[in-house]
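Enquirer: Encoded as structure tokens, here's the structure I'll be asking about.
The values are calculated or read from the model by the stated rules, or taken from the named source; none is laboratory data. Since the model is a prediction, treat every value here as computed from it, not as a measurement. Heads up, the Cβs are rebuilt from the backbone with ideal geometry, glycines too, and the neighbour counts pull from every protein chain shown.
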Amino acid sequence: MSDRPDRQHSADESAEVPASHRFWDALTGGTDHRPADLLAAAEAERRFPELAAGARATRPFQARVIRHLVAAGVRQFIDLGTGLPSAGNTHRLAQDLAPDARIVSVDIDPELIRHASALVPSTPEGAADYIAADIQDVDAVLDRAADTLDLSRPVALVAMSMLGHLPVGRAPAVIQRYTAALATGSYLTLCDSWAGTPGMTEAADAYNATGAMPYHLFASLAELAAPAAGLTILDPGVVPVDHWRPDTAVSGPGVGQYGLLAVKP
């Protein structure tokens, strides 16, 4: 999760109220969080003990997706709701694999964007830009992205664990405005949570009760995949993130985060 893309929430500046990106950091064992975030993560995990495992599984999923995209020749990325700069973020993953990759990272939190831009500069061969913006301001984001990316060529749009912060029902319209503007051969990858995972609703309720920016679970896997309408969802489809082209065999039902990779035909 990263901060809700549709608006700021002044309480997030208080140490007494969790912020989404810090909550996620606490849940995944990071160090960039405050006591309120740690308490919120502990309570959510008490409601759904597998929550942290699902959160941690999103990073390897993201790494496998970026590896696939780079192998397919993609060198341009837009990372929506980029969150805290970590070793496994889109920018670092892409430029580690392809130093000439060009990445635009977007988040509504200006302080977070300043922090990320200072900590994760571009490689000399590539390029990077950090945009403090509401991801729903699609035209503004794409206008700025065009300073770094060639939008006439394929771009990978990345939305990891953040579409649930949009108002209910808004994710498909927002994401489809991006994909409509991108070139043929562009990709969309996303992952998020849905209410059908036992315990996930209780965990989301615990998080939302803290006064943090709300997170809305997708009601079904079809709703979670709706932002990819008009695209071709690649195998293995919409699956738990640990079941998406794993490096080693996995068994069992999978974690509570579901993801996909789709291409624009």
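Enquirer: Within region 159-184, track down each residue that is closer than 12 Å to residue 227 by Cβ and either β-branched (Val, Ile, Thr) or touching a Lys or Arg at 6+ places or on another chain (Cβ under 6 Å) (or both).
Expert: If the condition is that a residue be closer than 12 Å to residue 227 by Cβ and either β-branched (Val, Ile, Thr) or touching a Lys or Arg at 6+ places or on another chain (Cβ under 6 Å) (or both), then 174, 175, 179 are the ones that fit.
Enquirer: Within region 203-231, can you find the residues that are part of a loop (DSSP other than H, G, I, E, B), free of Cβ contacts under 8 Å to residues at least 60 places away in the same chain and surrounded by fewer than 18 Cβ atoms within 10 Å (Cβ to Cβ)?
Expert: Hits for region 203-231 are 209, 219, 220, 229, 230.
Enquirer: Next question, about the same structure. Of all residues in region 142-160, which are under 29 Å from residue 218 (Cβ atoms) and among the acidic types (Asp, Glu)?
Expert: Residues satisfying the conditions do not exist here.
Enquirer: Now for a different question. For region 222-258, what are the residues that are hydrophobic (A, V, I, L, M, F, W, C) and in contact with a Lys or Arg (Cβ under 7 Å, 6 or more places away or on another chain)?
Expert: The answer is 231, 244.
Enquirer: Hey, residue 173 hits all of (1) closer than 19 Å to residue 264 by Cβ; (2) surrounded by 15 or more Cβ atoms within 10 Å (Cβ to Cβ) but one; which does it fall short on?
Expert: All conditions pass for residue 173, except number (2).
Enquirer: Do you know which residues across region 16-71 are part of a helix (DSSP H, G or I) and among the charged types (D, E, K, R)?
Expert: As a first pass, look at region 16-71 and keep what is part of a helix (DSSP H, G or I): 20-27, 35-47, 51-71.
Within region 16-71, 22, 25, 37, 43, 45, 46, 47, 56, 59, 64, 67 meet the criteria.
Enquirer: Considering each residue of region 114-147, count those that are free of Cβ contacts under 8 Å to residues at least 24 places away in the same chain and either among the aliphatic types (A, V, I, L, M) or on the phi > 0 side of the Ramachandran plot (or both), and give that number.
Expert: 3
Enquirer: Taking residue 49 and the conditions (1) within 13 Å of the chain's Cα centre (by Cα); (2) surrounded by fewer than 18 Cβ atoms within 10 Å (Cβ to Cβ), which numbered condition does it fall short on, given that it satisfies the others?
Expert: (1)
Enquirer: Since residue 150 meets every condition but one in (1) in contact (Cβ under 8 Å) with a residue 40 or more places away in the chain; (2) within 21 Å of residue 79 (Cβ to Cβ); (3) within 18 Å of the chain's Cα centre (by Cα), which condition does it not meet?
Expert: Unmet for residue 150, out of (1) in contact (Cβ under 8 Å) with a residue 40 or more places away in the chain; (2) within 21 Å of residue 79 (Cβ to Cβ); (3) within 18 Å of the chain's Cα centre (by Cα): (3).
Enquirer: Another question about this same structure. Identify, from the list 166, 182, 188, 234, the residue that is farther than 20 Å from residue 41 by Cβ, more than 16 Å from the chain's Cα centre (by Cα) and buried (at least 20 other Cβ atoms within 10 Å of the Cβ).
Expert: Working: 166 fails: more than 16 Å from the chain's Cα centre (by Cα); 188 fails: more than 16 Å from the chain's Cα centre (by Cα); 234 fails: buried (at least 20 other Cβ atoms within 10 Å of the Cβ).
Within the list 166, 182, 188, 234, the selection yields 182.
Enquirer: If residue 211 satisfies every condition in (1) under 22 Å from residue 156 (Cβ atoms); (2) of a type outside the set (A, V, I, L, M); (3) modelled with pLDDT under 95 but one, which is the exception?
Expert: Going through (1) under 22 Å from residue 156 (Cβ atoms); (2) of a type outside the set (A, V, I, L, M); (3) modelled with pLDDT under 95 one by one, residue 211 breaks only (1).
Enquirer: Write out, first by first residue and then by second, each pair whose Cβ atoms fall under 7 Å of each other, whose residues are 6+ apart or on separate chains, and whose first residue, in region 184-202, is within 11 Å of residue 232 (Cβ to Cβ) and assigned to a strand (DSSP E or B) while the second is among the β-branched types (Val, Ile, Thr) and at pLDDT 95 or above.
Expert: Within 7 Å, the pairs are 187/74; 187/263; 188/175; 188/179.
Enquirer: Let me ask something additional. Of the residues that sit in region 92-146 and are within 18 Å of residue 161 (Cβ to Cβ) and of a type in the set (S, T, N, Q), which one is surrounded by the fewest Cβ atoms within 10 Å (Cβ to Cβ)?
Expert: So the residue we want is 136.
Enquirer: Between a residue in region 48-60 that is without any contact (Cβ under 8 Å) to a residue 40 or more places away in the chain and any residue that is outside any loop (DSSP other than H, G, I, E, B), which pairs come within a Cβ distance under 7 Å, given they are 6 or more apart or on different chains?
Expert: Hits for this filter: 52/27; 52/45.
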